[in-house]
Amino acid sequence: MKDDTAHQDVDILIVDDDPAMLETLRDILSEESYRITCVRNATRAEEEIKRKFYNLALIDLNLPDGRGLELLRLIKIASSESVVIIFTGYASLESAVSALNEGAFAYLQKPLNMGEVKISLQRALDMQRLSFDNKKMLNRLEELSLKDARTGLYNYRYLMERLTSEVKRARRYVFPLSVLMLDLDYFKSINDVYGHQYGDRILKELADYLQDFVRAGDIVARYGGEEFVILLPDTNKRGAVIFCARLLAGMGSHTFDPRGKKIKLKISVGIANFPEDGVTTGTGPGILDMADRALFRAKESGGNRLSTCEYVRQGVKDDAQKGEMKDIEEVRKKLAKMARRANQSLLETIYALAKTIEAKDQYPGTHSEDMVFIVTEIGKRMKLTQDEIDNLKHAAILHDLGKVGIPDNILHKGGKLTVKEYELLKKHPQIGAEIIGPLHILEEVIPIILYHHERFDGLGYSAGLKGKEIPLGARITAIADVYEALVSSRPYRNAYSNEEALGIVEGGAGTQFDPEIVKLFLEIMKSRKQRYHAIQ
């Protein structure tokens, strides 16, 4: 059975000064469901080809106001994809060769054999469809060569080509150019808990978020793994910092996979700028390297922040003042840089493991981040040093690391634990301390993890310490840990309200908790609530 819909999207223009021929061709070809337009002279035909695209044109070689070959040339200029078939009642070898040389697909002689016409049309349209398919394939291949398959963003190849051209443009016209390098904090934990396929899905969501966030002229590219680069043409350093601050704030309030696991992502950002960062003679890779070093500084400072490369520029100035650096000093700096990167990589791995345990223990995705906020604010009010506050942050993330050694049937038990089960659970601070024990960079965090379940009255575990015998960091972490546990749903109970949880913590002052720290904690939570209502 004939498929009457096969040619519904095919437009055919027929040009002939013979009304009878036009009518015959219209009637026969309309039966094939082609969309037919008939005109009787070259002038009207020119108007038609300017008005719309025709898949195919059937043109009489001899027209009253012009030659068919001239019209053939015009059609090919208007669209090289249009297919033209010439027909004439005055055929000659010379005219046939001329028509084919000008790009005609076929040359037919009147009186037309309608079977031959149909076959020629079908062959012409088959060739055109093949041409369209090839062009689509070539466009797709070109797109794939420049696009990252997982995220749809531009890939590394395109980034480097575009960055080089943007740097040249900025230098030539003295325009500013900012380069942002972004890295997801602790993304490894998402892959570990939910699998790499889910992680790729979240990366795609992040890519879409970044694309929607940037301006029309900005470029977003995937640099590799969970690292991204954003090019901000015509943007000075101050503008880039403002952009990053908005991006960090937006990421902080955005939920990825909102209908599923409700993932929160944190990013670190490094910023480099031409010409403010002294890249006046640099290249694309040069400014990218400066952004990378600024990113490392942001990661080294705890992540979820931006860092500019001012410290890099200062290092260049120092080198210029001192002259050539001695070989031993250069080696020392390289080793120090390698050590810092190794430490950061190690922290990333340990933090990813901690995130895995957090998910295993069925805590919400922001549990450790909320604890980081609480311990940081308490540390600031107690005027602790930055190193002491950083240790508190590490402890807030790693405090339950030892639960990796506790069976799931105990962590997920819906009822009261047996004495034996509780004794096993009480070992998790010691297990966590043993895990990070060999890591020199976390040696100050070990006492906080080991003693964060001690009580102020001496009735806690692991060592039965009492009062100020308990390390200060452990006393601070204990309050944040209990509060966050109270406001989270557990296998054996529903979450307490914020007011109920605060009341329980306040009631534990002097027995379970250090009363001075409880006072500071309550002030912080009251202030936090007031700020929240003010924003609302």
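None of the figures in this text is laboratory data; all of them are computed from the coordinates on show. These numbers come from a predicted model, not from an experiment. Cβ: placed from backbone, ideal geometry, glycine included. Neighbour counts: every protein chain shown.
Using R₀ = 30 Å, calculate the FRET efficiency as 1/(1 + (r/R₀)^6) where r is the Cβ-Cβ separation of ALA495 and LEU459; round to 0.05. Each step should come with its number before you reach the end.
Working: r = 25 Å, r/R0 = 0.84.
FRET efficiency, ALA495 to LEU459: 0.75.
Subtracting the Cα-Cα distance from 0.36 nm times the residue separation, let me have the gained length for LEU93 to SER79 in nm, one decimal.
Details: separation 14, 0.36 × 14 = 5.04 nm, distance 2.69 nm.
Gain in length upon complete extension: 2.4 nm.
Report the chymotrypsin sites (Phe, Trp or Tyr not before Pro) located in the stretch 433-522 that are in a DSSP loop and have at most 15 other Cβ atoms inside 10 Å of their Cβ, or state none. Spell out each step's value before the answer.
Values: sites: TYR451, PHE456, TYR461, TYR483, TYR492, TYR496, PHE513, PHE521; in loops: TYR451, PHE456, TYR461, TYR492, TYR496.
Of the chymotrypsin sites (Phe, Trp or Tyr not before Pro), the ones in loops of the stretch 433-522 whose Cβ has at most 15 other Cβ atoms within 10 Å are TYR492.
What list of ³J(HN,Hα) couplings, whole Hz, do you get for the stretch 368-378 from phi and the Karplus terms 6.51, -1.76, 1.60, once you set θ to phi - 60° and write x for glycine and proline?
Running phi through 6.51 cos²θ - 1.76 cosθ + 1.60 with θ = phi - 60° gives 5, 4, 5, 5, 4, 4, 5, 5, 5, 5, 5 Hz.
The stretch 428-536: which trypsin sites (Lys or Arg not before Pro) are DSSP loop and have at most 16 other beta-carbon atoms within 10 angstrom? Mind dumping the intermediate values first?
Values: sites: ARG455, LYS466, LYS468, ARG475, ARG493, LYS519, LYS526, ARG528, LYS529, ARG531; in loops: ARG455, LYS466.
Sparse-neighbourhood loop trypsin sites (Lys or Arg not before Pro): LYS466.
Please work out how much length the chain gains when fully extended from HIS412 to ARG259, using 0.36 nm per residue of separation minus the C-alpha to C-alpha distance, in nm with one decimal.
Working: separation 153, 0.36 × 153 = 55.08 nm, distance 2.38 nm.
Additional length available on full extension: 52.7 nm.
What distance in nm separates the two pseudo spin-label positions at ILE431 and LYS468, each 7 Å out from Cα along the beta-carbon direction?
Label at ILE431, label at LYS468, 3.5 nm between them.
For the stretch 93-107, what does the Karplus curve 6.51 cos²θ - 1.76 cosθ + 1.60, with θ = phi - 60°, yield as ³J(HN,Hα) per residue in whole Hz, taken in order and with x for Gly and Pro?
Each residue's phi maps through the Karplus curve to give 4, 5, 5, 5, 4, 4, 5, 5, 5, 7, x, 5, 7, 8, 10 Hz.
From the phi angles alone, apply the Karplus equation (6.51, -1.76, 1.60; θ = phi - 60°) to the stretch 253-267 and give each ³J(HN,Hα) in whole Hz, x where the residue is Gly or Pro.
Values per residue, Gly and Pro as x: 9, 8, 10, 8, 6, x, 8, x, 8, 6, 8, 10, 10, 10, 10 Hz.
Length gain on complete extension for the stretch ASP192 to THR385, per 0.36 nm per residue less the alpha carbon to alpha carbon distance?
Working: separation 193, 0.36 × 193 = 69.48 nm, distance 3.38 nm.
Extra length available between ASP192 and THR385 comes to 66.1 nm.
If amide H atoms are built 1.01 Å from N in the plane of the peptide, which residues on other chains or at least 5 residues away come under 5 Å of the amide H of LEU63?
Residues meeting the amide H criterion: GLY68.
May I ask which of LYS204/LYS237; LYS188/LYS266; LYS264/LYS380 have a Cα-Cα span longer than 19 Å here? Write down the numbers at each step before the final one.
Numbers: LYS204/LYS237 28 Å; LYS188/LYS266 12 Å; LYS264/LYS380 25 Å.
In this structure, LYS204/LYS237; LYS264/LYS380 exceed 19 Å between Cα atoms.
Specify whether the C-alpha gyration tensor of the stretch 35-155 places it in the rounded, prolate or oblate class, a ≥ b ≥ c being the square roots of the eigenvalues: rounded for a/c under 1.5, otherwise prolate if a/b is larger than b/c and oblate if not. Provide the component values of the computation, followed by the final result.
On the way: a/c = 2.73, a/b = 2.18, b/c = 1.25.
Note, shape of the stretch 35-155 comes out prolate.
Less than 17 Å from a label point 7 Å out along the Cα-to-Cβ axis of VAL174: which backbone N atoms in the stretch 229-243 qualify, by residue?
234-237
With label points built 7 Å along Cα→Cβ from the Cα atoms of ILE504 and ARG215, find their separation and express it in nm.
Distance between the two pseudo-spin positions: 5.0 nm.
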